[in-house]
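Engineer: Here it is: the structure, laid out below.
The values are calculated or read from the model by the stated rules, or taken from the named source; none is laboratory data. Here the structure is a predicted model, which is why all the values come from computation and not from measurement. Virtual Cβ from ideal backbone geometry, glycine too; neighbours counted across all protein chains shown.
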């Protein structure tokens, strides 16, 4: 009974990660569309668009390797570069009025909200797993079947600070 309970908890952690993975993949697939839409209007903003492309590749690499720490760092970079991209887009009224851009920006915002919700569920699942495998009655089963602690998806305090978009635009 203890084994099945621990296995269920472990599977919930894996399911929670898979939910995040699906959303990260969807967002990764949407980013090129957003960049292509912006390129048509932002002929002088190649550096901004290149930055989004670079951090997108970093997020994808961390996602594929299931590197929780790398993903947290890459996510911060992506959020910052998207913030800059959306701020720069404000200078292009034709782009802001483009229906494809409006739809993509809305889709990206929706995906970001879903990812944040799934992160919370993942961390809750990891917490349940980590607490449960630390209980003394379960330790025999934990050791016998190699259940292990999982790593939460967290961000360091410095990565949670607001990004000064004005400075980033002028650099």
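Engineer: Please specify each residue of the range 125-138 satisfying the condition of being assigned to a helix (DSSP H, G or I) and either in contact (Cβ under 8 Å) with a residue 24 or more places away in the chain or in contact with a helix residue (DSSP H, G or I) (Cβ under 6 Å, 6 or more places away or on another chain) (or both). Steps first, answer last, please.
Structural biologist: Initially, the range 125-138 is screened for residues assigned to a helix (DSSP H, G or I), giving 125-132, 136-138.
Listed by number, the residues that qualify are 125, 126, 127, 128, 129, 132, 137, 138.
Engineer: Of all residues being closer than 12 Å to residue 10 by Cβ and without any contact (Cβ under 8 Å) to a residue 24 or more places away in the chain in the range 139-151, which is surrounded by the most Cβ atoms within 10 Å (Cβ to Cβ)? Just the residue, please. Break it down into steps so the answer makes sense when it comes.
Structural biologist: Filtering the range 139-151 for residues closer than 12 Å to residue 10 by Cβ gives 141-142, 145-150.
Still in the running and without any contact (Cβ under 8 Å) to a residue 24 or more places away in the chain: 146, 148-149.
Values: 146: 6, 148: 10, 149: 12.
The residue in question is 149.
Engineer: Follow-up. Name every residue in the range 106-139 that is modelled with pLDDT under 90 and farther than 21 Å from residue 16 by Cα, in order of residue number.
Structural biologist: 135, 136, 137, 138, 139
Engineer: Right, something else. When the residues of the range 140-169 are filtered to those that are at pLDDT below 85, touching a helix residue (DSSP H, G or I) at 6+ places or on another chain (Cβ under 6 Å) and not in a helix (DSSP H, G or I), which remaining residue is nearest to residue 21 (Cα to Cα)?
Structural biologist: 155
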